[in-house]
Amino acid sequence: MNDLRAERLQVMLSPEELSAVDDFRFRHRMPTRAAAVREILKLGLAAAGVDAKAGVKSSDFGVFGRGPEGHTPDTPNGNAED
């Protein structure tokens, strides 16, 4: 397995969503559904203005701020720092 693809993501799709993925796949002559989904994600992230090039860590897009040891430590009032 490619080291850059070490994580598995399972997604449940409706029949209509799966048909749209397959239509995209065949229209763009992609070898697998996984390749089509990766391309759709790349296009969607680019449309949203997110730079998802190689070397960008998924933690760069996280909801919570992270310090060197994981989540940002709590402040004295109990809230995470911004």
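Summarising the label geometry, the points placed 7 Å from Cα in the beta-carbon direction at residue 18 and residue 48 lie 2.5 nm from one another. Stretched out straight at 0.36 nm per residue, the stretch from residue 6 to residue 26 would grow longer than its current Cα-Cα span by 4.6 nm.
Among 24-30, 45-51, the peptide with the highest mean count of other Cβ atoms within 10 Å heads the list, and the full ranking is 24-30, 45-51.
Computed from the coordinates by the stated procedures, all read-outs in this text should not be read as laboratory data. Here the structure is a predicted model, which is why all the values come from computation and not from measurement. Ideal geometry is used to build each Cβ from the backbone, glycine not excepted, and the neighbour counts take in all protein chains shown.
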